[in-house]
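**Student:** Provided herewith is a single structure, encoded as structure tokens, for subsequent inquiry.
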Amino acid sequence: RADDANEGETVTLLLNQTPFYGESGGQVGDAGKLTSLNGFVGEVEDTSKPLGKLHALRTHVAKGQVSIGNTLHQQVDVERRAQIRANHSATHLLHAALRNELGGHVTQKGSLVAPDRLRFDFSHPKALTTEEIAAIEAEVNAEIRANEPVLTRLMTPDEAVESGALALFGEKYGDEVRVLSMGREGDERHFSVELCGGTHVAATGDIALFKIISESAVSSGVRRIEALTGEAARHWLNSRDDKLKEAASALKASRDEVPTRVAALVEERRRLE
């Protein structure tokens with residue numbers, strides 16, 4: 001729009017230079033704050049990248065007004081960006097672990113990368129067993145603990161596929177693509193190699209921790225995994241531990257004894273009924 005954006009409005013700003021990172025394809029972009037010397041304060045709620053080049057900042061005008069030609073001070077929410085990076089990189093490791101554990105038929109069918117969680121949809125004909133989920137989670141965490149650097153290379157699409165990089169079916173790629181390699185090398189190839197233009201951690205150890213919290217069906221032949229990383233995963237585990245303590249207290253038993261005591265109560269109730 002060519003006119004001024006006033007206090008209380010939400011507008012999209014195109015900046016000719018910006019540190020904000022725009023995402024696409026099931027991911028979210030940067031958030032942060034914009035200010036100017038004339039008193040303008042804007043809260044950047046999301047950043048997208050239309051046409052693959054422009055960075056469009058969806059901004060709520062908290063104070064003052066902004067006009068075309070204004071010079072703005074830009075402040076990215078770096079903590080939020082770090083959480084997005086961790087969840088995005090964990091998605092790549094999860095994809096590789098799924099293929100290792102379940103087979104090469106596994107392909108990505110959709111994903112969501114947010115600051116607080118990740119969601120990954122993939123092709124598989126049946127529900128995962130408890131043992132399969134545990135093995136996939138352990139494999140991802142092993143790569144995280146290895147703390148290998150994340151490498152990026154620019155190639156032609158043909159060169160990328162020849163190098164073993166996974167390309168997403170239906171995605172359109174230009175003359176040059178970004179190949180992301182993550183994790184330890186085995187048989188002269190990294191744990192995960194995919195085409196990706198998104199933002200990622202510098203090393204796998206930056207993810208800190210990976211925890212699968214659910215596995216479910218989306219449609220016939222498509223499963224969904226939801227997971228947490230880093231501090232969000234730690235908080236989730238602590239919350240589960242607190243609930244276990246409450247159950248143990250109610251049963252007047254230790255936490256290790258809870259499963260046995262619950263099973264005994266269920267059996268006693270069955271006999272009484």
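The values are calculated or read from the model by the stated rules, or taken from the named source; none is laboratory data. Small disclaimer: the values here were computed from a predicted structure and weren't measured. Neighbour counts are summed over all protein chains in view; Cβ atoms, including those assigned to glycine, are modelled from backbone coordinates with ideal geometry. In case anyone asks, the SASA skips ligands and DNA or RNA and just uses the protein heavy atoms, side chains included. Shrake-Rupley method; radii C 1.70, N 1.55, O 1.52, S 1.80 Å.
**Student:** Is it true that some residue in the stretch 2-10 is crowded, with 16+ Cβ neighbours inside 10 Å and modelled with pLDDT of 90 or more?
**Tutor:** Filtering the stretch 2-10 down to residues crowded, with 16+ Cβ neighbours inside 10 Å leaves 5.
Applying the additional criterion that residues be modelled with pLDDT of 90 or more yields none.
No, that holds for no residue.
**Student:** Also, I was wondering about something else. When you go through (1) open to solvent by 50 Å² or more (accessible area, probe 1.4 Å); (2) more than 24 Å from Arg184 (Cβ to Cβ) one by one for His124, which number turns out not to apply?
**Tutor:** Going through the list (1) open to solvent by 50 Å² or more (accessible area, probe 1.4 Å); (2) more than 24 Å from Arg184 (Cβ to Cβ), His124 breaks only (1).
**Student:** Can you find a residue that is without any contact (Cβ under 8 Å) to a residue 40 or more places away in the chain, touching an Asp or Glu at 6+ places or on another chain (Cβ under 6 Å) and in a strand (DSSP E or B) anywhere in the stretch 156-167?
**Tutor:** The answer is no, given that none of the residues of the stretch 156-167 is without any contact (Cβ under 8 Å) to a residue 40 or more places away in the chain, touching an Asp or Glu at 6+ places or on another chain (Cβ under 6 Å) and in a strand (DSSP E or B).
**Student:** Scan Ser214, Ser249, Ser239 and give me the residue that is without any contact (Cβ under 8 Å) to a residue 60 or more places away in the chain and not in a helix (DSSP H, G or I).
**Tutor:** On the way: Ser249 fails: not in a helix (DSSP H, G or I); Ser239 fails: not in a helix (DSSP H, G or I).
Exactly one of Ser214, Ser249, Ser239 is without any contact (Cβ under 8 Å) to a residue 60 or more places away in the chain and not in a helix (DSSP H, G or I), namely Ser214.
**Student:** Hey, another quick one. Can you name the residue in the stretch 236-273 that is of a type in the set (Val, Ile, Thr) and open to solvent by 60 Å² or more (accessible area, probe 1.4 Å) and, of all such residues, is farthest from Leu118 (Cα to Cα)? Don't jump to the end; show me each part of the working.
**Tutor:** Of all residues in the stretch 236-273, those of a type in the set (Val, Ile, Thr) come to 258, 260, 262, 266.
Next, only the ones that are open to solvent by 60 Å² or more (accessible area, probe 1.4 Å) stay: 260, 262, 266.
On the way: Thr260: 34, Val262: 33, Val266: 36 Å.
Checking each candidate, the answer is Val266.
**Student:** Going through the stretch 75-100 one residue at a time, which ones are assigned to a helix (DSSP H, G or I), surrounded by fewer than 18 Cβ atoms within 10 Å (Cβ to Cβ) and touching a residue at least 12 places away in the same chain (Cβ under 8 Å)?
**Tutor:** Arg80, Ala82, Asn100 - these are the residues of the stretch 75-100 that are assigned to a helix (DSSP H, G or I), surrounded by fewer than 18 Cβ atoms within 10 Å (Cβ to Cβ) and touching a residue at least 12 places away in the same chain (Cβ under 8 Å).
**Student:** How many residues does the stretch 28-61 contain that are farther than 14 Å from Leu72 by Cα and out of contact with any Gly (no Cβ under 6 Å at 6 or more places or on another chain)? Explain how you work it out, then say what you get.
**Tutor:** Within the stretch 28-61, the first condition is being farther than 14 Å from Leu72 by Cα, and the residues that meet it are 28-31, 45-56, 58, 60.
Filter again for out of contact with any Gly (no Cβ under 6 Å at 6 or more places or on another chain), leaving 28, 30-31, 45, 50-54, 56, 58, 60.
Final tally of qualifying residues: 12.
**Student:** Same structure, new question: Evaluate the following for Val44: is it β-branched (Val, Ile, Thr) and part of a loop (DSSP other than H, G, I, E, B)? So that I can check it myself, show each step before the final result.
**Tutor:** On the way: β-branched (Val, Ile, Thr): yes; part of a loop (DSSP other than H, G, I, E, B): no.
Taking the combined requirement at face value, the residue does not satisfy it.
**Student:** Looking at Ala217, is it farther than 15 Å from Asn87 by Cβ, open to solvent by less than 30 Å² (accessible area, probe 1.4 Å) and among the aliphatic types (A, V, I, L, M)?
**Tutor:** Values: farther than 15 Å from Asn87 by Cβ: yes; open to solvent by less than 30 Å² (accessible area, probe 1.4 Å): no; among the aliphatic types (A, V, I, L, M): yes.
For Ala217, the condition - farther than 15 Å from Asn87 by Cβ, open to solvent by less than 30 Å² (accessible area, probe 1.4 Å) and among the aliphatic types (A, V, I, L, M) - is not met.
**Student:** Same structure, new question: Can you tell me which of Arg184, Arg224 is touching an Asp or Glu at 6+ places or on another chain (Cβ under 6 Å), in a strand (DSSP E or B) and open to solvent by 70 Å² or more (accessible area, probe 1.4 Å)? First the steps, then the outcome.
**Tutor:** Numbers: Arg224 fails: open to solvent by 70 Å² or more (accessible area, probe 1.4 Å).
That would be Arg184, the only listed residue that is touching an Asp or Glu at 6+ places or on another chain (Cβ under 6 Å), in a strand (DSSP E or B) and open to solvent by 70 Å² or more (accessible area, probe 1.4 Å).
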